[in-house]
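S.K.: The structure's right below; bear with me while I get my questions together.
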Amino acid sequence: MKYDYLIVGAGLFGATFAYEAKKKGKKCLVIDRRDHIAGNVYTKEQSGINVHVYGAHIFHTSNKTVWDYVNQFAEFNNYINSPVAVYKDELYNLPFNMNTFSKMWNIRTPQEAKDIIAKQIADLHITEPKNLEEQALSLVGTDVYEKLIKGYTQKQWGRPCTELPAFIIRRLPLRFIYDNNYFNDRYQGIPMGGYTKIVEKMLDGVDVRLNEDFFDVKKSGKLSDGTEVSYDKILFTGQIDEYYESKFGPLEYRSVRFETEELQVENYQGNAVVNYTEYEVPYTRIIEHKHFEFGNQPTTIISREYSSEWKPGVEPYYPVNNEKNNALYQQYADLAAKEENVIFGGRLGQYKYYDMDKVIEAALACVEEQL
Ligand code: UDP
C-alpha cells in the first residue's frame, strides 16, 4: 500500500491533519499503538455516561474559526467549567473570583478584595517574578497562593513552585466579579455524545490501523499483519525525543493515573470537577463525569486523578516546560527542522502544553503549509 502521509497518532492533531489532507486528495494512513482512536481526548461510554478516560477535557476557545470547525463534527452543549476547590475543611469557588474572596475573607466588595490582595502583595517586595511561586504570589497574594495554588501545583508537577516556569499559572485568571466560569474564552462546551465521535468523523474514510507501533513499521516497512506500506512523508505526533531515540537525553513529562469507579449514588459531589488543593491529599482532583453532560443516570462514575513523573510504559500527558527541558527540546527541534519528509505535531511532537483548540489551530496551519 502506498500513501502520501503516514500519520503517527490518532489524536486531535493527527485526525485534523488526516481529515484536511483527505479533502485535498491525499492518501493517509493513520496508525496508533493504542487500541483506540482519539488519543487523550478519548471518551468511552459506561452505564450511559461518557467517561473522559484520560482526564477531563473541556473545549474552550476564542477562535471562531476553530469553534466553527469543531462544530461540523458535533453539537456542543452549554457546559461551563466552574471547578470547586477543597482545602482542608474549606471549600472555594474557582477561578479566583469574588465568590472565592468573600468566602476567604468574609468581605463583599471588589474594593475590599483588591485592598487585601494589594496589601499582601506589597508586603512581599517581589519586583520581577522569577518562577511560578513568585509569579503567583505577586498576582494573588499569600492567602490564595498558600491555600489554592501551592499544594496543588506541587502535586501536579512533582516539583516545588520555585522550580516551575511562571507561565503555567497564567491559565488561572483573577476576577473581581462573582463569576465562576473558569475560562475567559468566548466559546465553551462539551461535545454531546463524547469526543471519540468527533475523531471518528474526522477519520471517516481514512485508513486507520490500531495496535500498530511506528518504530516497528518504520524498521520493517510492514504493518503487523504483514502488509507492506510505503509513504512519502511522516507526520509524527508522538514524543519527539523518542523519535530520535533520546540521543540528547530524555525529555521529562508528567503522567496521570486515574482511579475510576462507578458508585451506586445518583450524585456524588455535585460538580464535574473538584480540586483538592492541599498537598497532603494524594490526588489532585476528582472528576464526576456525568456532570459534563448534565446526566441524570441512576449511578455515577468518578475518577480520582493522581499525578506522577512519566516513565517508559505509561502515557505521557504534560510536557514539563522548564528551562532545562526547553533547552533539550530545542536540540531535538533543530534536528526536526532539518527533516524534509517528517513533520512533528501536537503536545508530544512539539513538547508544548497545548489546549485542544490550539492543537486544532496548529494542525490546520500545518496542513496549510504542507498542502
Ligand atoms: N492550579 C492551581 N490550583 C488549582 C487549579 C490549578 O494552582 O486548584 C494551577 C496549577 O499550577 C496547574 C495550573 O493551574 O498546573 C493549570 O491547571 P488546569 O487545571 O487549568 O490545567 P489542566 O491540568 O487541566 O491542563
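Nothing in this text is a laboratory measurement; each read-out follows from the coordinates by a stated rule. Here the structure is a predicted model, which is why all the values come from computation and not from measurement. With ideal geometry, Cβ positions are generated from the backbone for all residues, glycine too; neighbour counts draw on all protein chains shown.
S.K.: Mind computing the radius of gyration and Dmax over the alpha-carbon atoms of segment 331-371? Å is fine for both.
M.R.: 10.7, 27
S.K.: How big is D, in µm² s⁻¹, for segment 177-230 by Stokes-Einstein at 25 °C and 0.890 mPa s if Rh is the Kirkwood radius over C-alpha pairs?
M.R.: Reported coefficient: 161 µm²/s.
S.K.: A follow-up question, please. Could you tell me whether the chain comes out rounded, prolate or oblate from its Cα gyration tensor? Rule is a ≥ b ≥ c as square roots of the eigenvalues, rounded for a/c under 1.5, then prolate if a/b exceeds b/c, otherwise oblate.
M.R.: Cα axes put the chain in the prolate bin.
S.K.: For segment 73-191, what does the alpha-carbon gyration tensor say about shape, rounded, prolate or oblate, given a ≥ b ≥ c as the root eigenvalues, a/c under 1.5 as rounded, and a/b over b/c as prolate? Intermediate values should be presented prior to the final figure.
M.R.: Numbers: a/c = 1.83, a/b = 1.30, b/c = 1.41.
Oblate, because a/c is 1.5 or more while a/b does not exceed b/c.
S.K.: I need the phi-derived Karplus couplings for segment 72-82: 6.51 cos²θ - 1.76 cosθ + 1.60, θ = phi - 60°, integer Hz, Gly and Pro marked x.
M.R.: Each residue of segment 72-82 in turn: 5, 9, 6, 8, 9, 7, 9, 4, 10, 6, 9 Hz.
S.K.: Can I get the semi-axes of segment 46-91's equivalent ellipsoid? Compute them from the C-alpha gyration tensor as square roots of 5 times the eigenvalues, in angstrom, largest first.
M.R.: Values for segment 46-91, descending: 27, 17, 9 Å.
S.K.: Moving on to the next point. Quick check: Cα centre of segment 192-220 to Cα centre of segment 41-56, how many Å?
M.R.: Using only Cα atoms, the two centres lie 18 Å from each other.
S.K.: Indicate the gyration tensor shape class of segment 198-264 (rounded, prolate or oblate), computed on the Cα atoms with a ≥ b ≥ c the square roots of the eigenvalues: a/c under 1.5 is rounded; otherwise a/b larger than b/c is prolate and the rest oblate.
M.R.: Note, shape of segment 198-264 comes out oblate.
S.K.: Could you please rank S224, S303, placing first whichever residue has the fewest other Cβ atoms within 10 Å of its Cβ? Intermediate results must be reported in sequence, preceding the final value.
M.R.: Working: S224 13, S303 23.
Listing S224, S303 from fewest to most nearby Cβ atoms yields S224, S303.
S.K.: Counting Lys and Arg as +1 and Asp and Glu as -1, each charge on the Cβ, what is the dipole of the chain about the Cα centre in debye, to the nearest 20?
M.R.: In debye, rounded to 20, the chain gives about 380.
S.K.: If I take every Cα pair under 8 Å that is 6 or more residues apart in the chain, average their sequence separation and divide by the length, what percent do I get for the relative contact order?
M.R.: Values: 715 pairs, mean separation 98.2, N = 371.
Reported relative contact order: 26 percent.
S.K.: Here is a follow-up. Arrange M202, M192 by Cβ neighbour counts within 10 Å, fewest through most, would you?
M.R.: So the residues, fewest neighbours to most, are M192, M202.
S.K.: Highest first, please rank the peptides 308-314, 323-329 by the mean number of other Cβ atoms sitting within 10 Å of their residues.
M.R.: Result, highest mean Cβ count within 10 Å first: 323-329, 308-314.
S.K.: Arrange the following residues from fewest to most other Cβ atoms within 10 Å of their Cβ: F13, F292.
M.R.: Values: F13 28, F292 25.
Fewest to most other Cβ atoms nearby, the residues stand as F292, F13.
S.K.: Another one. Quick one: in segment 280-371, what % of C-alpha pairs are over 22 Å apart? List each step's numbers first, then the result.
M.R.: On the way: 2158 of 4186 pairs.
Looking at segment 280-371, the distances longer than 22 Å represent 52 percent of pairs.
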